Amino acid sequence: MVVSYVSKATVARWALFVLLLASPAAFSQTTTWTDGTGNWFTPANWSAGVPNSSTIADINNGGTAQITSNGAAASQVEIGVGVGEAGALSISEAGSLQDQGAMYIGEHGSGSLSITAGATVSSTLFALGQSPGSSGTATVSGSGSTWTNLVFCFVGQDGDGTLNITGGATVSDSDALVGGSSKGVAIVDGAGSSWVHSGTLNIGGNAGATGTLTISNGGNVLTGGGGGTFGSVIAYNTGSSGTVNVSGVGSTWMNNGPLGIGDVGGDGVLHITNGGAVSNRNCIVGAFGGGGNVTVERVDSIWTINGDLSAGSVFGGAAGVTILDSGHIASVNGFIAEGSSSVGIVAVNGAASTWTNSGDIYVGGNALGPVGIGELILMNGGTVASAVLTVWGSGTLYGNGFVQTNEVTNQGTLAPDQTISITGNLTLGLTANMSSTVTPDTAASVMVQGTVELNGNLDVTLIGGPFIQGTQYTLLLANGGLDGTTFSNVSITAPNGVAAQVTYDTNHVYLVIQSGGGSPTPTATGTPSATPTPTGTQTPTATPTITPSPTPTPTSTATATSTPSTTPRITPTPRSRPSPRLRPTPPPHITPVPPPPSPRPTAWPRPTPPPHISLSARRGQLSTVAPLDRSVTGTANNSLQRTRHTIAKTHV
């Protein structure tokens with residue numbers, strides 16, 4: 001399903017990278033900074049004269065070399081070369097530096113680089129915090145300030161690194177790694193500030209690495225800007241962690257390739273908030289024992305996926321995706337727990353929160369059948385839209401909200417909490433289980449605008465009391481009719497002394513109270529209030545009602561009953577789907593519209609990390625318990641715990 005390979009272009013860039021690293025040491029002499037704070041162009045400030053294109057420039061004495069005019073050059077720049085050594089380089093205003101090789105800011109010691117007020121620097125590559133125990137910081141600030149690199153860049157390679165791009169400045173390279181084997185932090189802040197990669201961007205690489213990318217206040221990051229085949233990865237290895245925060249109107253992260261979040265045992269987080277926007281091709285959240293967590297929250301925050309979203313992918317992946325407070329996700333097809341031993345949760349919380357798919361959604365599996373354990377949760381009127389929604393036997397559709405679709409095929413669990421409203425048809429398979437909780441005032445219900453084909457089990461639980469004899473509760477409404485079908489099995493759990501039965505008519509499934517288990521209290525009314533209808537983008541055509549009947553006529557006993565369907569039906573088999581076409585990423589200022597429906601790909605191109613990152617995957621065992629109380633080992637467990645914490649915190 002997921003293909004891992006390295007392109008010829010990637011191999012070529014790494015070959016060039018190795019060649020360039022070897023060249024300066026073999027052919028260049030070194031000149032060392034001897035002044036405190038002074039002019040780069042003053043010969044007396046260097047041990048062997050002013051550096052040129054064939055000279056390595058070292059700054060190790062704690063001093064600061066300053067470039068304020070055009071024409072500075074070096075074959076390689078090294079700041080903080082030895083353990084305990086430090087140095088700084090400042091390039092500002094009309095200053096420019098052309099470095100023929102690499103720039104090491106904090107090689108074994110500590111170093112800093114600043115490019116400000118319109119200054120320009122070009123180099124082959126840079127490393128901030130190259131070796132264990134080192135630290136390096138680079139700040140590129142101000143409109144017109146640029147740092148152009150030919151190939152790879154490392155922010156925290158084996159030491160700690162920090163890159164600040166602010167005030168309209170630009171940094172460019174082919175590929176970048178934030179947090180290679182240590183700690184890396186990259187900040188792109190302010191309108192016009194940009195970080196451009198023609199190839200890939202990895203956040204959190206090797207075991208023990210921590211990478212963080214923050215895009216804020218109109219900053220922009222572009223990956224694959226030159227038509228790159230691959231996209232980005234957040235947390236790529238066992239024990240690594242990566243976090244990307246995109247916050248504020250105009251803040252964007254545009255990927256022209258796919259995106260992976262929590263891969264090969266890593267723990268990845270993507271947080272889009274306050275109007276931030278992210279776009280990419282196919283996305284896998286949680287794969288190969290990794291855990292991924294995504295939150296899209298608040299007005300105008302949007303994640304546009306020009307392909308499929310897989311939450312909980314192959315070989316024990318675990319994923320949590322939460323949309324709340326008017327956040328939006330748009331994708332082609334959606335897969336929740338499609339991989340072996342995978343766990344996936346997608347929660348849509350809030351009346352203006354939406355997950356829109358131009359294709360289909362599969363919960364607890366893929367187009368071929370059930371695989372992992374998946375949950376689609378609607379809260380406070382959240383909306384999910386797709387052509388067809390399939391809930392497999394290992395899947396759950398739960399909550400209070402709207403499903404805009406042509407058809408829902410449910411062979412798993414359908415569990416309304418208040419009301420689930422469905423615009424199309426509903427088919428419950430032989431293995432389906434619908435559950436409803438009934439209190440004296442309300443009944444959890446399903447409202448369907450189309451037809452309903454009943455089968456499987458109905459579990460009703462009555463709580464509280466007292467119940468009023470003769471009260472009728474609507475558990476399911478089908479505007480298009482039930483077509484004469486009934487549930488195969490009905491189970492009713494009630495307090496002592498309360499008896500009830502399930503009845504049917506052309507369009508309804510009712511629960512009727514036969515005995516209430518006590519005398520009605522003065523507060524009990526003849527007509528209990530109806531089940532609340534959630535506020536959302538879709539208004540159901542009917543509302544569940546509770547109507548007392550003075551002379552109820554029960555059709556069955558109050559105990560659990562078994563009513564076999566008169567006509568056995570074959571559980572529908574979902575359509576198989578070939579590969580979708582790749583689609584371009586829309587500009588961030590355009591309101592994203594879900595791409596046209598497209599079939600499921602048979603293999604996705606997988607983002608490829610730099611070769612030094614290990615591909616060994618963690619082996620973990622998955623254990624499950626009751627729905628909404630699942631656990632998995634390692635990073636996957638951390639991911640799911642964060643998702644459940646977010647859901648609980650925002651459930652009002």
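Do you know which residues across region 160-179 are crowded, with 24+ Cβ neighbours inside 10 Å and over 13 Å from F126 (Cα atoms)? Correct list: I165, A169, G179. Scanning region 461-514 for residues that are in contact with an Asp or Glu (Cβ under 8 Å, 6 or more places away or on another chain), in contact (Cβ under 8 Å) with a residue 60 or more places away in the chain and either over 16 Å from A443 (Cβ atoms) or in a loop (DSSP other than H, G, I, E, B) (or both) yields one hit, T485. Within region 91-110, the residues that satisfy the criterion of being within 19 Å of T68 (Cα to Cα) and part of a strand (DSSP E or B) are I91, S92, S96, L97, Q98, D99, M103.
Here G192 fulfils each of the conditions (1) closer than 27 Å to G84 by Cα; (2) surrounded by fewer than 24 Cβ atoms within 10 Å (Cβ to Cβ); (3) not hydroxyl-bearing (S, T, Y) apart from (1).
Restricting attention to region 255-275, does a residue exist that is assigned to a loop (DSSP other than H, G, I, E, B) and of a type in the set (S, T, Y)? Scanning region 255-275, I find no residue that is assigned to a loop (DSSP other than H, G, I, E, B) and of a type in the set (S, T, Y), so the answer is no. When S435 is tested against the conditions (1) buried (at least 24 other Cβ atoms within 10 Å of the Cβ); (2) out of contact with any Gly (no Cβ under 7 Å at 6 or more places or on another chain), the lone failure is (1).
Each row is one residue, and each column tells you yes or no for (1) on the phi < 0 side of the Ramachandran plot; (2) under 21 Å from the mean Cα position of the chain (by Cα).
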| site | (1), (2) |
| --- | --- |
| T170 | yes, no |
| S174 | yes, no |
| G179 | no, yes |
| A186 | yes, yes |
| G192 | no, no |
| T200 | yes, yes |
| G204 | no, yes |
| A207 | yes, no |
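Restricting to region 81-92, and then to whatever is surrounded by 15 or more Cβ atoms within 10 Å (Cβ to Cβ) and out of contact with any His (no Cβ under 7 Å at 6 or more places or on another chain), can you tell me which residue is farthest from G118 (Cα to Cα)? Among them, the one singled out is E85.
Conditions (1) under 17 Å from I203 (Cα atoms); (2) modelled with pLDDT of 95 or more, marked per residue:
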position: N220; (1), (2): yes, yes
position: G225; (1), (2): no, no
position: S232; (1), (2): yes, no
position: V246; (1), (2): yes, yes
position: T252; (1), (2): yes, yes
position: G265; (1), (2): yes, no
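Based on this model, can you work out whether G292 counts as under 22 Å from W392 (Cβ atoms) and buried (at least 24 other Cβ atoms within 10 Å of the Cβ)? The answer is yes for G292. Using the structure shown, decide if T238 is in a loop (DSSP other than H, G, I, E, B), of a type in the set (S, T, N, Q) and surrounded by 22 or more Cβ atoms within 10 Å (Cβ to Cβ). In short, yes.
Do we have any residue at all in region 107-126 that's touching a helix residue (DSSP H, G or I) at 6+ places or on another chain (Cβ under 6 Å) and buried (at least 21 other Cβ atoms within 10 Å of the Cβ)? Scanning region 107-126, I find at least one residue that is touching a helix residue (DSSP H, G or I) at 6+ places or on another chain (Cβ under 6 Å) and buried (at least 21 other Cβ atoms within 10 Å of the Cβ), so the answer is yes.
Residues checked against (1) in a loop (DSSP other than H, G, I, E, B); (2) of a type in the set (D, E); (3) on the phi < 0 side of the Ramachandran plot:
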| residue | (1), (2), (3) |
| --- | --- |
| S326 | yes, no, no |
| I329 | no, no, yes |
| E338 | yes, yes, yes |
| S341 | yes, no, no |
| G344 | no, no, yes |
| A347 | no, no, yes |
| A351 | yes, no, yes |
| T356 | no, no, yes |
| G359 | yes, no, yes |
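Under the condition of being assigned to a loop (DSSP other than H, G, I, E, B) and either in contact (Cβ under 8 Å) with a residue 40 or more places away in the chain or in contact with a helix residue (DSSP H, G or I) (Cβ under 6 Å, 6 or more places away or on another chain) (or both), the residues counted in region 376-404 number 3. Selection of region 51-75 for residues being part of a loop (DSSP other than H, G, I, E, B), surrounded by 18 or more Cβ atoms within 10 Å (Cβ to Cβ) and under 45 Å from the mean Cα position of the chain (by Cα) yields N60, S75.
Of all the criteria given as (1) within 21 Å of H271 (Cβ to Cβ); (2) surrounded by fewer than 24 Cβ atoms within 10 Å (Cβ to Cβ), the one not satisfied by F315 is (1).
The values are calculated or read from the model by the stated rules, or taken from the named source; none is laboratory data. Small disclaimer: the values here were computed from a predicted structure and weren't measured. Glycine gets a Cβ as well: all are built from the backbone with ideal geometry, and neighbour counts include every protein chain shown.
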